[in-house]
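A short write-up of the structure that comes next.
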Amino acid sequence: MHELSICQALINQVEAIASEQAAQSVAVIRLGIGPLSGVETQLLQQAYPIASAGSVAEGAELVIDNLPLQVSCEHCGRTTEVLPNRLVCAACGDWHTRLVSGDELLLTSIELVRDEQAIIEDVRTH
Amino acid sequence: MCDTCGCNVTHGNAHLLQPGGKLSRTEGGHDAVSVLRGLLHENDHAAGHNRHHFDQHGVLAVNLMSAPGAGKTCLLESTIAALGNELSMAVIEGDLETENDARRIRARGVEAIQITTGSACHLDAHMVHDALHHLDLAGLDVVFIENVGNLVCPASFDLGQHRNVVLLSVPEGDDKPAKYPVMFRAADLMLLSKCDLLPVLDDFKPEAARRHLRNLANPAPLFELSARSGAGMEHWLEWLRREIAAARQATVVPDDVRTATSVRPTP
Ligand SMILES: Nc1nc2c(ncn2[C@@H]2O[C@H](COP(=O)(O)OP(=O)(O)OP(=O)(O)O)[C@@H](O)[C@H]2O)c(=O)[nH]1
Ligand SMILES: [Mg+2]
Ligand SMILES: [Zn+2]
Ligand SMILES: [Zn+2]
């Protein structure tokens, strides 16, 4: 199960960003994953609590956006939505296509919790 | 793969980019940081580094992938027997536990570095980098990386290879490209191995395997061979010679930007 290795890579990236931004903890981690990324989102969700335990990301919500699988056809020029094991053009059936989207494995954004005291003070003074 | 050039932005994910700067405050009072970076960013960097090592020496790096037991090591043994006098080779062996495959290669007089991955079901670029430190690339023509037998996990990790060769052995059935699209989409060459068994396992149709591969929009050549009988080996050896010549030429012209195929082809 390589999802655990991928999750560990994710936590490393999140920790680097959190420390760069002097965050106390992480509230939300948002990923964008395509069907051809080679990663099962369900397995990633299962691996996440194990990989994040004891890190700044422990307890953060992991949100996964499933990205569409689209190819553009060299024959008819159209862009169509397709299935992972059938990447032929859905319009004309030609197999000479190029992947437009669908193999992404991305950390899109994270939401950090920073210095709550400062935020409270901010609210008070306004 | 860098966060500044925007090379990760595709049609599919462009809408996830938040307008208005890198840092913004959410309704819940959190600071949202938009990142848009590959989860395997670190691995991909290490892979690029490995590829640079290979390129500096004009060495072709071939990543061999397949299900367990499809015949990767046998193919390497036959390849050594056929080309051992003509070419200088080395093998990096990835295995969960044993040194068996490395021993088989060394018995043929070729240097083999064993990586035992323990519980990891795939090789990654860092493991290959460590192995490269035990290998003198000068004077080599080709380095084979025999990945862990697995049709799923290795497909996600770029190792710094130039070419992916994926084996499908006859006993596995001809529908495997449709079942493991991520792996077979990444193949630069597909080998139908154990073809000596075709007369017995006559429900395996090489044409069906080819059709499944084309359905993945993959134009890779597909050769039928048997490492055991030697049938069809000449197509594979010819492909290898051609790729080695191309890799060698690429060092002579250092500015030549090579189209190195990664495991996950970039959009
Ligand atoms: N009939 C036949 N058997 C083969 C052929 N090539 C390999 N085998 C057999 O298949 C079995 C596995 O071969 P290996 O070369 O060890 O396979 P592998 O892909 O390296 O296996 P792992 O590294 O464990 O994933 C052995 O028993 C081989 O003798 C072939 O061309 N024909
Ligand atoms: Mg082997
Ligand atoms: Zn079309
Ligand atoms: Zn980039």
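What is the magnitude of the charge dipole of the protein assembly as shown about its Cα centre, with +1 placed on the Cβ of each Lys and Arg, -1 on the Cβ of each Asp and Glu, and no other charges, expressed in debye to the nearest 20?
940
Which percentage, to the nearest 5, of the DSSP beta bridges contained in chain B is antiparallel?
Details: 3 of 31 bridges.
Within chain B, antiparallel bridges account for around 10 percent of the total.
Grab the beta carbon distance between B:Glu207 and B:Thr116, set R0 = 41 Å, and tell me the FRET efficiency rounded to 0.05. Before the final figure, lay out each step's value.
Working: r = 39 Å, r/R0 = 0.95.
The value I calculate is 0.60.
For peptide B:25-32, what's the mean number of Cβ atoms from other chains within 10 Å of each residue's Cβ?
On the way: counts 2, 5, 0, 4, 9, 11, 10, 7.
That average works out to 6.
Given all pairs of different Cα atoms, what value in angstroms does the Kirkwood hydrodynamic radius of the protein assembly as shown take?
After inverting the pairwise mean of 1/r, the radius is 22.5 Å.
Starting from the 7 Å offset along Cα-to-Cβ, what nm value, one decimal, do you get for the label separation of B:Glu27 and B:His134?
Between B:Glu27 and B:His134, the simple spin-label model gives 5.6 nm.
Taking every DSSP beta bridge that has both residues in chain A, what percent is antiparallel when rounded to the nearest 5?
Antiparallel: roughly 75 percent of the beta bridges in chain A.
What order, most packed first, do the peptides B:57-68, B:215-226 have when packing is the mean number of other Cβ atoms within 10 Å of each residue?
Going by the mean number of other Cβ atoms within 10 Å, highest first, we get B:57-68, B:215-226.
Could you rank the peptides B:107-115, B:150-158 by their average count of other C-beta atoms within 10 Å per residue, with the highest value first?
B:150-158, B:107-115
What average number of partner chain Cβ atoms lie no more than 10 Å from the Cβ of the residues making up A:3-11?
Mean shielding count: 4.
For a label point 7 angstrom out from the Cα of A:Asn12 toward its Cβ, which stretches of the stretch A:57-78 have the backbone nitrogen within less than 18 Å?
A:57-58
Take the Cβ-Cβ distance between A:Gln42 and A:Arg86 as r, set R0 to 22 Å, and report the resulting FRET efficiency rounded to the nearest 0.05. Provide the component values of the computation, followed by the final result.
Numbers: r = 22 Å, r/R0 = 1.00.
Between A:Gln42 and A:Arg86 the formula returns 0.50.
Quote the FRET efficiency, to the nearest 0.05, computed for B:Leu198 versus B:Glu234 with a Förster distance R0 of 22 Å and r equal to the Cβ-Cβ distance.
E(calc), rounded to 0.05, equals 0.80.
Once you have the Cα-Cα distance between B:Arg106 and B:Arg242, take 0.36 nm times their residue separation minus that, and quote the gain in nm to one decimal.
Details: separation 136, 0.36 × 136 = 48.96 nm, distance 2.51 nm.
Between B:Arg106 and B:Arg242, full extension yields 46.4 nm more.
So which aspartates and glutamates can B:Lys194 reach, going by Cα to Cα under 20 Å and dropping same-chain residues fewer than 8 places off?
Within reach: B:Glu77, B:Asp101, B:Glu146, B:Glu172, B:Asp174, B:Asp175, B:Asp202, B:Asp203, B:Glu207, B:Glu224, B:Glu234, B:Glu238.
Taking each residue in A:14-26, count the Cβ atoms of any other chain within 10 Å of its Cβ, then average. What number comes out?
1
Any read-out appearing in this document is the output of simple, stated calculations on the displayed coordinates, not a laboratory observation. On a predicted model such as this, the values are computed, not experimentally measured, just so you know. Virtual Cβ from ideal backbone geometry, glycine too; neighbours counted across all protein chains shown.
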